[in-house]
């Protein structure tokens with residue numbers, strides 16, 4: 001079983017998805033106490049309140065766990081379309097810290113999650129060069145969560161590294177497993193919410209604010225406001241809506257849209273819970289990535305077994321025969 005460390009874990013969306021896929025999460029690290037408190041309520045392994053900008057100490061601590069995989073979603077506000085997109089604000093530096101920690105420890109695997117806007121940043125180019133210099137074969141994908149078992153059109157960038165491997169080895173696995181259609185809220189939750197339409201506060205009033213459960217939710221953000229008095233139907237809003245019956249989703253309902261199970265325990269102020277739920281990696285999206293790694297690992301294991309069996313059968317008496325068999329086995 002692959003041993004994992006989760007950095008910048010938040011309340012545990014990435015951890016839970018990988019755990020559900022059969023990975024062994026041995027420890028998590030974060031530096032925000034409200035999220036740490038929730039994480040502790042839901043996992044048996046430890047989570048440490050730790051400032052990962054202290055790289056030397058972090059590398060020493062994390063190395064003690066001898067991880068096979070380090071994963072994390074460094075805070076993304078400086079790249080995000082919902083933020084100011086200013087990489088000079090300091091939070092983007094946490095991506096460098098993540099890369100430095102990984103490259104110092106050199107686990108067999110790493111997984112980094114971020115918003116897709118990171119692809120426009122020089123920071124991604126910098127860390128890609130760093131990972132390649134350390135011997136990682138890299139695969140990347142921009143995944144729409146609604147095609148990965150999540151009732152939400154949340155688009156995220158994943159960078160996966162495998163030590164001493166070729167590049168792009170997982171790309172086909174990622175793309176081949178996508179659903180043929182996006183998942184709606186009704187697909188996932190049925191009629192359990194007791195509503196057909198709900199309010200989601202727009203960034204400006206030129207955008208729609210009312211959505212149907214017969215479509216994927218827009219991205220769950222850390223902001224959740226009631227419908228304002230005097231809200232006027234936008235031309236993009238669904239037809240035939242009675243505004244007197246419209247409400248926003250509750251905090252816990254929004255956790256379901258993030259595919260946290262109903263058994264997941266949340267505790268804290270509404271403001272903190274909204275933020276940690278909005279920042280989390282959807283559980284099923286994390287599971288999708290983890291299962292893709294599992295598929296690749298099993299594929300590699302099958303090839304190794306086949307090569308071993310063929311070498312035993314043929315005892316390699318003929319190098320030409322052996323090379324032909326090896327090409328077939330690894331194709």
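Look at segment 162-179: where a residue is at negative phi and a partner is surrounded by fewer than 16 Cβ atoms within 10 Å (Cβ to Cβ) and in a helix (DSSP H, G or I), sitting 6+ places away or on another chain with Cβ atoms under 6 Å, you get 173/295. Residues considered: 17, 72. Of these, the only one that is under 19 Å from residue 261 (Cα atoms), surrounded by 15 or more Cβ atoms within 10 Å (Cβ to Cβ) and in contact (Cβ under 8 Å) with a residue 24 or more places away in the chain is 17. Taking the numbered list (1) at pLDDT below 95; (2) buried (at least 17 other Cβ atoms within 10 Å of the Cβ) in turn, residue 205 passes all entries but (2). Taking the listed residues 194, 240, 230, 222, the one that is touching a residue at least 24 places away in the same chain (Cβ under 8 Å) and in a loop (DSSP other than H, G, I, E, B) is 222, with no other qualifying.
Scanning segment 280-295 for residues that are touching a helix residue (DSSP H, G or I) at 6+ places or on another chain (Cβ under 8 Å) and surrounded by 19 or more Cβ atoms within 10 Å (Cβ to Cβ) gives 280, 281, 282, 283, 284, 285, 286, 287, 288, 289, 290, 292. The set of residues from segment 209-232 being within 24 Å of residue 285 (Cβ to Cβ) and either surrounded by fewer than 18 Cβ atoms within 10 Å (Cβ to Cβ) or out of contact with any helix residue (DSSP H, G or I) (no Cβ under 7 Å at 6 or more places or on another chain) (or both) comprises 211, 212, 214, 215, 218, 219, 222, 223.
The values are calculated or read from the model by the stated rules, or taken from the named source; none is laboratory data. This structure is a prediction, so every number in the text was calculated from the model and none was measured. Cβ coordinates were reconstructed from backbone atoms using ideal geometry, including for glycine residues, and neighbour counts include every protein chain displayed.
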